[in-house]
Amino acid sequence: MHTIKHKKLAIGTGDFTELLEAQIFVDKSLLIQDFLQDDAKALLITRPRRWGKTLNMSMLYHFLRCEVRQDPVTGELKTMDPHAGLFDALKIGQQYPDLVTQHQGQWPVIFMTLKGVSGNNIEEITRGFQDIVAKLYKEHNYLLDWLLANPQGRGSEDMDYFTKVKKGQESLAGLKNSLYFLCELLHHYHGRKVFVLIDEYDSPLNNTFLKPELYQEVLTFLRGFLGNCFKDNPYLEKGMLTGILRVARADLFSGLNNFKEYSLLHERYAQHFGFTQQEINDLFNLPTVQQLIAKHTPNPEQIKNWYNGYHIGGMTIYNPWSIMMCISEEGMLAPYWVATGSDVLLRDLLKDNDHLLQQLEQLLAEGSLEVTISPHINMLDMAPEVKFWSLMLAAGYVTLAQEIPTAASIKLSCVVRIPNMEVKATHEDLIIGWFEAKVGLAHYTDMISALFYGETEAFSAELNRYLQEVTSVRLVGPHRAEQFYHGFMLGLLIVMRKEFSINSEVESGQGYADTLMIPKDRKAPAAVVFEYKVGKSPEALAAKVEEALEQIDAKSYLARVSQHEHIRQIAKVGVAFYGKKALVKSELVDVG
């Protein structure tokens, strides 16, 4: 852990030099050594948003790049290392001083981010690319002066092209060659090959997922834009791209030689994105951090439980954004990472595929779920289920529950789980949003509230209506029926999570109650204990619902609930299911 006393934290910055001005930061500089020693010509590393991708790319940029400055006296252009000594005290400087001497400030570097490219049509997308590439060319404006002074057989069309790109006037088709052309000029000027770093390469695609025709236009452009730069480019020393999704290689990276991809499925580079267990331990041992978090969460273990849980390459990795935000907010536990992104694509997939909701409910109820994913994302041709879970994994909403082979494959079967308490809230929001879209929030909450006032018939009628409208017949058969209904009910009830602690399969008395709802304060009318049963016919439902209520009494499920001093009443609710039918019966019990 490296500290420079200037300010405590540098939250939200994507500039590595600003990060070094903070007292508290995690040193990820050994990524530089791994990158330089990797034998691949180009790398693609994918991680969820806010996982340090931009800062790491900025670090590589500031480490490698040389800078061309004009001598204020002679007017001559001089090439220099703009950050001499910057990395000496970091891990890379301490452990690999010869590598620092050999590479720091010695290379021409192209560094750009495609984060700002978005729009509702190709004209807006084009403007975004024009602005970003124009900014890049302006950073190397000395090349235009050099071209004018040293034409070296180059035609005026090269100078015209440079000027047109710099002014943001080149067409989208014309920009396909802009990175290659800049590599060529940099190589000729510096006499060295060029490092190319592209952050958020997939952002323009992610922003057009819901518009297939626009998505295809952007994909076609990127195929030329990136392909011309990374495929058979004699001026390229090495390249790295970062993003959230691994776009199918056949779509975007076909024909690239010596190209490697590292995702959440791979061990290599796992320690460089997100915080490792050792880094977290070192972080929370800092007196400055201990003083900050003491106000709300003096025990760091609580913070760890909220933000850890990602399983990558056999390592436990923590969400870095949430950890640093929690420290900056003096230990306040909140869904910081969840609040930074949009889940509109996931919601869109849920809207039209009811069985995905059922899988999400099952994951929430059981803690893990076997799903099929694809290591490479093809948004136009993938089955909705594979697309949904592939996106969930890549975006950080689930993590692997166990290691799986990383060999190239179109589809992989794996077991996933919810990584931590923060992300669990996102799953609940997805489910609530689905029910809201189907029936409206007011109607939905009225249905749940009916339970607490003994209006069993009203709850039963609405439950049966939901079963008719929102479940798939083929998934409500006898196979794993009890697990299905359990997940369905848990998904249905989480709308009340602000007022109640909702727990599934909780040990209580002499067994495990299916669902417990414990009110968080005295204002709530009652606690609720649910027991679910599955009948073999509609005629069997009456007997099954009685069996459910009898089990609540026989196994003393009320014992755990009655331990809470503020609870005065408990509603015992038995629910019996068969296919798309449900029978509900409840009894209200006074406590204390």
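Brief remarks follow.
- Residue-normalised accessible area of the chain, expressed per residue, 1.4 Å probe, Å²: 42
- Under 18 Å from the K8 label point (7 Å along Cα→beta-carbon), backbone N, segment 314-358: 321-334, 336
- Computed E for S556/E370 - FRET, C-beta separation, R0 25 angstrom, nearest 0.05: 0.15
- Taking only protein heavy atoms and a 1.4 Å probe, the accessible area of the chain is 48% carbon and sulfur.
- Segment 183-298 has equivalent-ellipsoid semi-axes of 37, 22, 14 Å, by the square roots of 5 times the alpha carbon gyration tensor eigenvalues, sorted largest first.
- Segment 108-186 and segment 278-343 have Cα centres spaced 41 Å apart.
- Pairs spanning more than 29 Å between alpha-carbon atoms, out of K41/K138; K8/K91; K351/K572: K351/K572.
- Given charges at Cβ of Lys, Arg, Asp, Glu: the chain dipole, positive-most of I312, T220, L430: T220
- Between R497 and N141, the simple label model (points 7 Å from Cα in the Cβ direction) yields a spacing of 5.1 nm.
- Net dipole in debye of the chain [+1 Lys, Arg Cβ; -1 Asp, Glu Cβ; about Cα centre; nearest 20]: 440
- Taking every DSSP beta bridge that has both ends in the chain, the antiparallel portion is near 55%.
- For I377, the residues whose modelled amide H falls within less than 5 Å of its own, excluding neighbours fewer than 5 places apart on the same chain, are R246, V247, A248.
- The slack between D446 and S342, meaning 0.36 nm per residue of separation minus the straight C-alpha distance, is 34.6 nm.
- The alpha-carbon of K411 sits under 16 angstrom from the alpha-carbons of these lysines, leaving out residues fewer than 8 places away in its chain: K387.
- Cα-based shape type of segment 84-147, given that a ≥ b ≥ c are square roots of the gyration tensor eigenvalues and the cut on a/c is 1.5: oblate
- For segment 1-139: rounded, prolate or oblate by the Cα gyration tensor [a/c cutoff 1.5]: oblate
- Taking a ≥ b ≥ c as the square roots of the eigenvalues of the Cα gyration tensor, an a/c ratio of 1.5 or more together with a/b no larger than b/c marks segment 60-196 as oblate.
- Theoretical gain in end-to-end length, Q94 to D81 [0.36 nm per residue, Cα-Cα removed]: 2.8 nm
- Between Q278 and K211, the FRET efficiency estimated from the beta carbon spacing at R0 = 41 angstrom works out to 0.40.
- Size of electric dipole in segment 44-123: Cβ of Lys, Arg +1 and of Asp, Glu -1, about Cα centre, debye, nearest 20: 560
- The label-point distance for Y453 and Q290, in a model that sets each label 7 Å from Cα toward Cβ, rounds to 5.3 nm.
- Where labels lie 7 Å past Cα in the beta-carbon direction, separation of A437 and R465 in nm: 2.0
- Proximal charge balance of K138 [Cβ under 10 Å; K/R count +1, D/E count -1]: +2
- Contour excess over end-to-end distance, with Cα ends at A540 and K520 and 0.36 nm allotted per residue: 3.6 nm
The values are calculated or read from the model by the stated rules, or taken from the named source; none is laboratory data. None of the values given here were measured: they were computed from a predicted structure. All Cβ positions, even for glycine, are placed from backbone atoms using ideal geometry, and neighbour counts span all protein chains on display. Accessible surface areas use protein heavy atoms only, side chains included; no ligands, DNA or RNA. Shrake-Rupley method; radii C 1.70, N 1.55, O 1.52, S 1.80 Å.
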